[in-house]
Structures are given as C-alpha cells and as structure tokens.
Amino acid sequence: MIRFDNVSKRYDNGFEALSRINFTVEPGEMLFLTGHSGAGKSTLMKLIMQMERPSNGQIRVDGHDLNRMSSSQIPYYRRNIGVVFQNHQLLFDRTVFDNVALPLQIAGLPHQEIGRRVRAALDKVSLLEKERLNPIVLSGGEQQRVGIARAVVNKPTMLLADEPTGNLDPELSEEIMTLFRQFNEVGVTIMIASHDVELLKRMNKRILGLVEGKLVHDGVLW
Amino acid sequence: MKSKRPSVTGNRPTTRPSTGATRGASPTRRPMREPEPQPQRQQLGAVQSKLRFADKFDAYLAHHSTSAVDSLMRLLETPFQSLMTWLVIAIAVAIPAALYVGFANLQHLGENWEGSSQVSVFLRPETTNARAEEMRTRLEAREDIAKVVYVSPTQGLAEFKAQSGLGEVVDSLEKNPLPGTLLVTPHLQDGSDAAMTLLEQSLIADPAVADVRLDMQWVKRLQQLMILGKKMVFGLGGLLALGVLLVIGNTIRLAIENRRDEILVVKLVGGTDAYVARPFLYTGLWYGIGGGLLALVVLGIGFFWVSGTVDQLAALYQSNFRLQGLGMFGSMQMVLLAGLTGLLGAWIAVVRHLIQIQPR
C-alpha cells in the first residue's frame, strides 16, 4: 500500500527532516508512527499526502509513484486518502453536515448520494443528531469525531491521522481508537502518528519509531 | 463483499440510520475513487459509466450555480462594502461610456451635415437674374454637378427675414445687401479634397462669380477632432478598465485571505485549483456586472438631465436632432464588458494568490 525507498527530505534551510527511510505497509494494515516532536512524523505524513515532495528516494502509494505525479493529479490522488488532524481543521462557517459533506461535494457526487453518505458517516461516529449544529459548539472529542467522519465519508482506502488524540483525555482517545480499529477491521489501511506511549502499549500494533529523521524501530513493541 | 453492495446501496432514504453502520463500515473494499455502483445500473457497464459522467457533469453544473449564488449572497451580506466597490466600478465605467455617447451624438450630427454637402457660389451684385438662370442651366449640365438652385437676392432676403426673426430690421434696410447665390450640390465620385478644390477653381473662374464657399471644410475638421476625441475616450477607458482590474483584484485578494483556512481544507480533501477558484471568479463577475448595472443607472440619470436642454437647443436651431443614448444593445455590451473586466481582475488575483495557498 505504502512503500518508502531510501526517502530523504531536506528543507530549503538545510534541515534534514527525514533521512534514508525504508518501510512497507501492506493493504489493510494498521500501524503507528511515533517519535518526539521534530523527529519527522509530520513530514512523513506530508510526503504521503503530497504536501511535500521528497528530496531523495521513491514513494509508492497504492500503485502511484509520487515523484511522477503532476500537480494537477494531486487533488484526485488526495480524494483517496482520509486525513484526521490534531486541530480538526473544521470550518466554523457551516454546519457539521456541510463539513462532512465537503469531500463529497468536491468529488462531485449527486445530491441525494451526499446526504446518504454523510448521514451514514455521522451515524458511525454517533453524531447524527448534531448534523445541523455549527461544530464550534461541540466538545473537543465531538469535533475530532466530525473530523473523522469527514475523513472516511469518501470511503478512502487509507486513513492518515496526525496526533488525533493529542488534546483528548484517555477515555475520549480510547473512543477514537475504537473507531479507527473498526475502520481497520473492514480493510482500511490506517497510519496514526502519536507520541502517547500508553496508547501505543494498549493498542499493541506495529510501530515505526523515528528519532531525528531516522527510522530506528519497526515492529510490535519498543 | 460483493453481496453487501446491493444491501448498502439499495436502502431507501427512509432507512438512513440503519444504513449508517453498514455504510461507515464498508468504505474500503472498493478500488480507489470509484463511486459506489448503483444496483440497477450494474449490469450495463457502458450505460453506467455514461450515467456516472452525467452525474458528475450535473454536480459540476451544480457547483457552478451554488458558487454563483453563494458568492452573490456573500456580497449582499456586506451591502455597504459591496456598494462602495460597485460604485467605484460604476464611476470608472460610466465616465468613458458617457464620453462615448457624447461623441457618438456629435458624429451623428456631423453625418447629417455631410449629407447636405453644398457649395455656395456668391454672384457679383450687378449680375442679373437672367444671367444667373443661364449660369444655373449651364452648370447643371456639367457631369460633376448634381443639382444647382438659384436663390435670387429677393428670395434670399425673404428667407432671411422669415428665419432670423429680424423682420423689422430687414425692412428698414434701404437696399438689399444680399448677393444672388447659386447653391451647387456636387456629384463627385470620390468626394476627395482634390476633386472639391478642382470644382471650386472652375466655379470661381467665371467672371460673374464673386466668391465660392465650401461648406464642408469645418465639418471635416470636426470629424478629425472627433476621431481624436474617440481615441482619447478609448485611452481613458483603457486606463479606467485597468483601475477596475486593480480594484477588483485587490478586493478578491482580501476575500481569498479571509477564507484561507477554508481553501487549505478544501485543497487537503482533494479540491482542484479550479474548484477552489470558482467562487472567487464568480465574485469578480458579480462585482463587474453590478458595477456595470449601476453605471447604466448613472448614465440614465445623466441622460435625462441633459436631454431636455439638448432638445431646447435643437429647437432653437430648428433641428429635429435628438440625443441618443446607448440603446439596448450598447447597454448590454457595457454591462457585459464590465462583467468580463471583473472576471479578469478576479482571475489575476486568483492566479497570483490562490494557487500559492498550499497546505503545509
């Protein structure tokens, strides 16, 4: 699903965020990405999202060679990847429903189909009754669930989450993880960046450990 | 996994909540990006893809109309600000348009005079009516002359008396000061200056002729002036259009900055540049069209304000000249042109600013 071959990323100011990263993720896998802030977790995610281009090496995602992708193809590529952010990135000028509907509107789905899928996704994260509210009145955990509904509404093959439980207490983050696990059970490839060690231990999944841009660990436990 | 599809897609909207679980749980099994096949279309591959294209096209049109409506609504949400921008554009559009209308009217006036192009041949005072009549027939026989009318001194005086309103003054004159006049209408193939001069020279050669006046000369000068004026109108119009471009470009740039977060999110979930740009391009179009319509109102008010005076003036000159406005077609052109200028301004802002906003 994802393959990194000798991937390095050096920024214009000379800072090397990632150096010579190699790993492969199989379809349907669920794994974690960990490391201190500045270790390169976000950069790695950005490379997969095509928000950054690697300085060196090759990245393949779902059969696409990312180096060969033109910038006009990127939007269509991104439609197959759901993203969840720590700060949700919700739009507060529209309802919960419209926030979740956004990826479908962009993809150009028919009106009724959008309504059905949005409600299905909101039902999945147990927020169906709040579809008409503005997300600003929701709690942090609820906002994060809206973000997740938006990430999965377009039925992506892959879900990327950058510190999805960063601001949440353990109980809420457990809820979020349960959601991710359920998506994973139906075949979605899931990659979660987190530095929450307790969470990593509890989940007991494959972990990629980054230290100063180098991949120092790849396996189930530390 | 295949058996699951019909149950998922076949659900009627009334059973929505129950679909939720199945639906949310089944996002992954399909190849990327392929929208869910609809059960009744499944057997007909070709038809299905056609219909799906139709669906996408519908969605594309729908986004155009929602972008158009939403951007207009956004403008109306801040009526005062929008009105200011519209007024600026309206003024920039109305000034060259008003000048254009003015020159078009002058040109129209000039054309009327050109149609009555005449050469006045003033005869010496001692010339008798008989001699003048003889000259008239002789001249009319010439090929380069279409028509000659003889106005005797008595006729001329009577006409002057009737038209000038100076009847009593004329009556008090001891003798008729007016010479006999031949009004010659030339019949020239090319109507060039050289041909006119030739005709003039041959007319003045006659010993009975005192003077020859070409009534055309000043009309020609007026036409040259009007060509110059029109060029200036276009130049001014171009400068003001540039001003409109800058105003709209800057307004759109601010709008883009205000919606930066939204643009970032849309791009992250797969919005193309065209998708992101669309509402802003419509905003530019609305600014332009609104400004154009307002300019039409400004011009209309100005027209009614001036046309009464012009009518009175025309009446004094015994002319049935009437001021002409832009007309239906011209008005539409003006609004369209303003709209296109707005669109272009927005497009420039979009290219310069929107494309640069990339998720980081």
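The values are calculated or read from the model by the stated rules, or taken from the named source; none is laboratory data. Being a predicted model, the structure only gives us computed values, none of them experimental. All Cβ positions, glycine included, derive from the backbone under ideal geometry; neighbour counts span all protein chains shown.
Does residue A:96 satisfy the criteria of being at pLDDT 90 or above, outside the structural domain of residue A:193 (by TED's automatic domain parsing) and surrounded by 14 or more Cβ atoms within 10 Å (Cβ to Cβ)? Against the criterion (at pLDDT 90 or above, outside the structural domain of residue A:193 (by TED's automatic domain parsing) and surrounded by 14 or more Cβ atoms within 10 Å (Cβ to Cβ)), residue A:96 qualifies. Only one of the numbered conditions (1) of a type in the set (D, E, K, R); (2) within 14 Å of chain A (Cβ to nearest Cβ); (3) touching a residue at least 24 places away in the same chain (Cβ under 8 Å) is not met by residue B:261, and that is (3).
Tell me yes or no: at least one residue of segment A:187-210 is assigned to a helix (DSSP H, G or I) and within 14 Å of chain B (Cβ to nearest Cβ).
The answer is no, given that none of the residues of segment A:187-210 is assigned to a helix (DSSP H, G or I) and within 14 Å of chain B (Cβ to nearest Cβ).
So that you can scan it fast, the table gives a plain yes or no per residue for (1) among the aromatic types (Phe, Trp, Tyr); (2) in contact with a helix residue (DSSP H, G or I) (Cβ under 6 Å, 6 or more places away or on another chain):
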| site | (1), (2) |
| --- | --- |
| B:59 | no, no |
| B:64 | no, no |
| B:77 | no, no |
| B:81 | no, no |
| B:85 | no, yes |
| B:88 | no, yes |
| B:92 | no, yes |
| B:100 | yes, yes |
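Please state which one of A:105, A:73, A:50, A:58 is surrounded by fewer than 18 Cβ atoms within 10 Å (Cβ to Cβ) and within 14 Å of another protein chain (Cβ to nearest Cβ).
Going through A:105, A:73, A:50, A:58 in turn, just one is surrounded by fewer than 18 Cβ atoms within 10 Å (Cβ to Cβ) and within 14 Å of another protein chain (Cβ to nearest Cβ): A:73.
Every residue in segment B:210-245 that is buried (at least 16 other Cβ atoms within 10 Å of the Cβ), of a type in the set (Val, Ile, Thr) and modelled with pLDDT under 85, please. If the condition is that a residue be buried (at least 16 other Cβ atoms within 10 Å of the Cβ), of a type in the set (Val, Ile, Thr) and modelled with pLDDT under 85, then B:212, B:219 are the ones that fit. Can you go through A:28, A:82, A:38, A:14 and tell me which one is surrounded by fewer than 19 Cβ atoms within 10 Å (Cβ to Cβ) and under 24 Å from residue A:179 (Cα atoms)? Unique residue meeting the criteria: A:28.
Considering each residue of segment A:110-146, count those that are facing chain B (nearest Cβ under 7 Å), in a loop (DSSP other than H, G, I, E, B) and either of a type in the set (Phe, Trp, Tyr) or within 22 Å of residue A:183 (Cα to Cα) (or both), and give that number. The qualifying residues number 0. Looking across segment B:264-296, the residues that are within 14 Å of chain A (Cβ to nearest Cβ) and small (Gly, Ala, Ser) come down to B:270, B:271, B:274, B:277.
Only one of B:38, B:43, B:48 is modelled with pLDDT under 50, within 14 Å of chain A (Cβ to nearest Cβ) and farther than 26 Å from residue A:124 by Cβ; which?
B:48
Scanning segment B:332-358 for residues being surrounded by 20 or more Cβ atoms within 10 Å (Cβ to Cβ) and within 14 Å of another protein chain (Cβ to nearest Cβ) gives a total of 1.
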